[in-house]
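K.L.:
Would you mind keeping the following structure in view while I ask a few things?
The values are calculated or read from the model by the stated rules, or taken from the named source; none is laboratory data. Remember, it's a predicted structure, so these values are computed and weren't measured experimentally. For neighbour counting, all protein chains shown are included, and Cβ atoms are generated from backbone atoms with ideal geometry for every residue, glycine included.
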């Protein structure tokens with residue numbers, strides 16, 4: 001029996017084109033039907049990168065390619081892309097049509113690789129998975145087909161160098177700000193982070209140093225773990241896993257201290273001095289607004305719902321409860337189609353969200369069903385909804401406040417804002433109070 005799923009929160013596997021766009025001077029080449037790439041950009045949106053949006057080279061496969069195959073057309077599009085686009089890396093991605101027909105995209109790409117062209121490929125037919133899963137797939141493709149081939153001195157470890165696998169570009173609307181803050185914090189404790197995506201990265205040259213890292217850092221519930229395990233098998237690089245986004249004073253301090261203890265090259269005294277100074281500044285801002293927060297305590301939401309991916313849902317829940325005193329609703333909703341093998345760990349995170357509180361994690365990809373359940377059990381207290389643009393009507397119906405955190409992010413423009421770290425925690429407080437105060441006239 002088929003089931004209609006309302007309000008998508010992520011893309012099909014081809015959505016990984018946005019991860020490619022986020023690499024400095026990298027270009028996706030899409031072998032798919034007309035409209036696929038544009039729809040993905042419309043959902044994940046807000047920025048085109050170096051060669052994204054309508055500038056992405058695409059075969060626009062039609063009936064002719066279905067009947068006779070599309071390898072010849074793909075070859076022509078790749079040749080044209082090399083002629084007209086000045087880029088450091090090209091990444092061929094397949095859509096449903098080419099994967100169903102069975103085009104040998106790998107052989108077409110290898111022909112260009114054998115000519116010394118900077119190009120890799122991955123099979124990303126939309127029916128195979130979603131863009132959370134295919135993000136690891138494209139990392140694997142670049143590492144195995146490009147980094148392995150061109151990286152130098154792969155067996156010579158650079159002390160303090162770390163590869164960071166955190167926010168998925170564009171799927172996380174705040175990815176640039178989050179990665180900027182993570183790089184700032186890791187640099188502050190004495191590490192040299194390869195951030196890999198966005199303006200904080202050096203681009204392809206940075207990717208070529210991946211094998212030389214002292215260790216890798218995964219900051220997410222589950223995306224990025226496969227890549228870290230691949231690098232451990234391939235290069236023997238150990239990895240540290242922090243299973244949610246560190247937000248605010250307590251969790252960011254915990255994250256940095258655990259990293260400092262994990263890295264052999266980190267100067268513990270220097271790291272602790274940096275962390276303590278950051279904590280001091282963070283709580284100084286909290287203290288100077290204490291009177292306002294106390295006087296306004298009856299006007300802020302008393303309970304919150306998360307309708308987010310697991311990384312954000314756990315991280316924001318810990319911050320809201322333990323540092324702002326907002327109570328989690330009985331059920332928190334995880335919408336990233338988390339693989340079954342990771343779900344129990346996420347449930348445990350919510351079960352022990354604090355010493356005195358717990359919440360139930362429910363995994364669902366149906367936004368309409370989630371909203372119906374919240375409406376049925378709408379709290380008598382004022383509620384804060386951490387969700388997406390889909391939740392605007394829900395917030396109105398239950399008299400709550402909406403903070404859009406996940407895609408689609410239709411009601412705000414994001415440049416370099418983020419919620420990670422010490423600065424992210426302050427930004428989150430500002431955004432929550434901004435929405436609450438806006439309702440008072």
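K.L.:
Of the residues 314, 365, only one is closer than 27 Å to residue 188 by Cβ and either modelled with pLDDT under 95 or under 26 Å from the mean Cα position of the chain (by Cα) (or both); which? Lay out the reasoning, then the answer.
P.N.:
Details: 365 fails: closer than 27 Å to residue 188 by Cβ.
Only one candidate passes the filter, namely 314.
K.L.:
Filter the stretch 170-193 down to the residues that are part of a strand (DSSP E or B) and surrounded by fewer than 24 Cβ atoms within 10 Å (Cβ to Cβ), then identify the one that is nearest to the chain's Cα centre (by Cα). Spell out how you get there, then give the answer.
P.N.:
If we filter the stretch 170-193 for residues that are part of a strand (DSSP E or B), which is where we start, we get 172, 192-193.
Add one more test, that the residue is surrounded by fewer than 24 Cβ atoms within 10 Å (Cβ to Cβ), and what stays is 192-193.
Numbers: 192: 21, 193: 17 Å.
Restricting to residues being part of a strand (DSSP E or B) and surrounded by fewer than 24 Cβ atoms within 10 Å (Cβ to Cβ), the top hit is 193.
K.L.:
Looking only at the stretch 23-48, how many residues end up being buried (at least 24 other Cβ atoms within 10 Å of the Cβ) and in a loop (DSSP other than H, G, I, E, B)?
P.N.:
Count: 2.
K.L.:
Go through the residues of the stretch 223-231 one by one and say whether even a single one is in a loop (DSSP other than H, G, I, E, B), at pLDDT 95 or above and not assigned by TED's automatic domain parsing to the domain that holds residue 307. I'd like the intermediate steps shown before the answer.
P.N.:
Of all residues in the stretch 223-231, those in a loop (DSSP other than H, G, I, E, B) come to 223-224.
Okay, now just the ones that are also at pLDDT 95 or above, so 223-224.
From what is left, the residues that are not assigned by TED's automatic domain parsing to the domain that holds residue 307 are 223-224.
Scanning the stretch 223-231, I find at least one residue that is in a loop (DSSP other than H, G, I, E, B), at pLDDT 95 or above and not assigned by TED's automatic domain parsing to the domain that holds residue 307, so the answer is yes.
K.L.:
Here's a follow-up. Using the structure shown, decide if residue 252 is farther than 28 Å from residue 391 by Cα, crowded, with 21+ Cβ neighbours inside 10 Å and at pLDDT 95 or above.
P.N.:
On the way: farther than 28 Å from residue 391 by Cα: yes; crowded, with 21+ Cβ neighbours inside 10 Å: yes; at pLDDT 95 or above: yes.
Taking the combined requirement at face value, the residue satisfies it.
K.L.:
Hey, another quick one. Would you say residue 268 is out of contact with any helix residue (DSSP H, G or I) (no Cβ under 8 Å at 6 or more places or on another chain) and without any contact (Cβ under 8 Å) to a residue 60 or more places away in the chain? Don't jump to the end; show me each part of the working.
P.N.:
Values: out of contact with any helix residue (DSSP H, G or I) (no Cβ under 8 Å at 6 or more places or on another chain): no; without any contact (Cβ under 8 Å) to a residue 60 or more places away in the chain: yes.
For residue 268, the condition - out of contact with any helix residue (DSSP H, G or I) (no Cβ under 8 Å at 6 or more places or on another chain) and without any contact (Cβ under 8 Å) to a residue 60 or more places away in the chain - is not met.
K.L.:
With the stretch 63-129 as the region, which helices (runs of 4 or more DSSP H) entirely inside it contain at least 3 residues that are crowded, with 19+ Cβ neighbours inside 10 Å and at pLDDT below 90? If you could, list the steps in order and put the result at the bottom.
P.N.:
Working: elements: 63-68, 71-84, 96-101, 105-114.
Filter on the stretch 63-129 gives 96-101.
K.L.:
Take residue 161 and tell me if it is outside any helix (DSSP H, G or I), modelled with pLDDT of 95 or more and under 18 Å from residue 224 (Cβ atoms).
P.N.:
Numbers: outside any helix (DSSP H, G or I): yes; modelled with pLDDT of 95 or more: yes; under 18 Å from residue 224 (Cβ atoms): yes.
Yes, satisfied.
K.L.:
Also: Taking only the stretch 178-206 into account, find how many residues are touching a helix residue (DSSP H, G or I) at 6+ places or on another chain (Cβ under 6 Å) and over 22 Å from residue 244 (Cβ atoms). Please lay out each step first, then the result.
P.N.:
We begin by selecting, within the stretch 178-206, every residue touching a helix residue (DSSP H, G or I) at 6+ places or on another chain (Cβ under 6 Å); these are 181, 185, 188-190, 193-195, 198, 200.
Then drop every residue that is not over 22 Å from residue 244 (Cβ atoms), which leaves 190.
Adding up the residues that qualify gives 1.
K.L.:
From (1) in contact with a strand residue (DSSP E or B) (Cβ under 6 Å, 6 or more places away or on another chain); (2) under 15 Å from residue 210 (Cα atoms), pick out the condition that doesn't hold for residue 152.
P.N.:
Going through the list (1) in contact with a strand residue (DSSP E or B) (Cβ under 6 Å, 6 or more places away or on another chain); (2) under 15 Å from residue 210 (Cα atoms), residue 152 breaks only (1).
K.L.:
So which of 246, 199 ends up being farther than 13 Å from residue 165 by Cα, at pLDDT below 95 and not assigned by TED's automatic domain parsing to the domain that holds residue 352?
P.N.:
Details: 246 fails: at pLDDT below 95.
After applying the criteria, what remains is 199.
K.L.:
Kindly indicate which of 366, 336 is touching a helix residue (DSSP H, G or I) at 6+ places or on another chain (Cβ under 7 Å), farther than 25 Å from residue 433 by Cβ and in the same structural domain as residue 390 (by TED's automatic domain parsing). Before the answer, list the steps.
P.N.:
On the way: 366 fails: touching a helix residue (DSSP H, G or I) at 6+ places or on another chain (Cβ under 7 Å).
Only one candidate passes the filter, namely 336.
K.L.:
Let me ask something else. Of these, 391, 340, 430, 344, which one is over 17 Å from the mean Cα position of the chain (by Cα), under 28 Å from residue 22 (Cα atoms) and without any contact (Cβ under 8 Å) to a residue 12 or more places away in the chain? Let's see the steps before the verdict.
P.N.:
Values: 391 fails: without any contact (Cβ under 8 Å) to a residue 12 or more places away in the chain; 340 fails: under 28 Å from residue 22 (Cα atoms); 344 fails: under 28 Å from residue 22 (Cα atoms).
Going through 391, 340, 430, 344 in turn, the sole match is 430.
K.L.:
Can you tell which of 351, 372 is free of Cβ contacts under 8 Å to residues at least 24 places away in the same chain, assigned by TED's automatic domain parsing to the domain that holds residue 307 and within 19 Å of residue 315 (Cβ to Cβ)? Break it down into steps so the answer makes sense when it comes.
P.N.:
Details: 372 fails: within 19 Å of residue 315 (Cβ to Cβ).
Within the list 351, 372, the selection yields 351.
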